[in-house]
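These notes concern the structure reproduced below.
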Amino acid sequence: MIFSERLKKEREKRGWSQTDLAEKIHVSRQSVSKWETGKNYPSIEVIIDLSDLFSITIDEMLRSDDELKEKVIRDSKKLAYPKWKMFFDNVVLIGTLLLVAKLIIIGLNHFFDTNIIIPDGLPKFQSNFLPLALMVIGIIGSEQLKNKYVD
């Protein structure tokens, strides 16, 4: 029996509404509804509360649903290099902001006849491709680290 069916069966066996169950485990009724329809899964903390509330083992709840089991395993993993991941995510953000700023300046100059000058400190090639390069480097770095977890 999959988790959603098990949850609904245990709740109904006790004569509780979704609202009753939600109040007992301190979540919204909508959360309970999503769990029972299989649209979402609870966190491991909620699964523990549910197993205590229903007097069934966590093992019984998890092993019944492969997708839930995978979610709990995935959620429990810690990134191996969270600071590097955040660094690369920020590099993407900086590249994006530089590109947006450059496009805004170009748009203002073109459509509103302003004369905003982009500083000439960098060679034209670098100033044109720096935002794109930052975005590409950031995306590649972030993608390489997003699935590296601590053993």
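Assess whether Ile73 counts as being within 25 Å of Tyr41 (Cβ to Cβ), assigned to a helix (DSSP H, G or I) and within 17 Å of the chain's Cα centre (by Cα). Yes, satisfied. Here is the figure for segment 40-56: residues that are assigned to a loop (DSSP other than H, G, I, E, B) and either in contact (Cβ under 8 Å) with a residue 24 or more places away in the chain or out of contact with any helix residue (DSSP H, G or I) (no Cβ under 8 Å at 6 or more places or on another chain) (or both) total 4. Residues in segment 13-29 that are assigned to a helix (DSSP H, G or I) and loosely packed, with under 12 Cβ neighbours inside 10 Å: Lys13 only.
The C-beta contact set for segment 130-151 (first residue not assigned by TED's automatic domain parsing to the domain that holds Leu103, second residue at pLDDT 95 or above and among the small types (Gly, Ala, Ser), distance under 6 angstrom, 6+ apart or interchain) is empty.
Based on what the data block shows, is Glu36 touching a residue at least 12 places away in the same chain (Cβ under 8 Å), assigned to a helix (DSSP H, G or I), closer than 21 Å to Asp75 by Cβ and not polar (S, T, N, Q)? Steps first, answer last, please.
On the way: touching a residue at least 12 places away in the same chain (Cβ under 8 Å): yes; assigned to a helix (DSSP H, G or I): yes; closer than 21 Å to Asp75 by Cβ: yes; not polar (S, T, N, Q): yes.
Yes, satisfied.
Reported count of residues in segment 69-110, each being within 30 Å of Asp59 (Cβ to Cβ) and of a type in the set (Ser, Thr, Tyr), is 1.
Considering Val91, Val72, the condition of being under 30 Å from Ile140 (Cα atoms), in contact with a Leu (Cβ under 7 Å, 6 or more places away or on another chain), at pLDDT 90 or above and aliphatic (A, V, I, L, M) is satisfied by Val91 alone. Contact map, segment 79-104: residues that are surrounded by 13 or more Cβ atoms within 10 Å (Cβ to Cβ) paired with residues that are at pLDDT below 95 and charged (D, E, K, R), Cβ distance under 8 Å, separation 6+ or inter-chain. Pairs shown: Leu79/Lys85; Leu79/Lys146; Leu79/Lys148; Ala80/Lys148; Tyr81/Lys148; Lys85/Lys146.
The values are calculated or read from the model by the stated rules, or taken from the named source; none is laboratory data. Owing to the predicted nature of the structure, the values given are computational and were not obtained by experimental measurement. Reconstructed Cβ throughout: ideal geometry from the backbone, glycine too, with neighbour counts over all protein chains shown.
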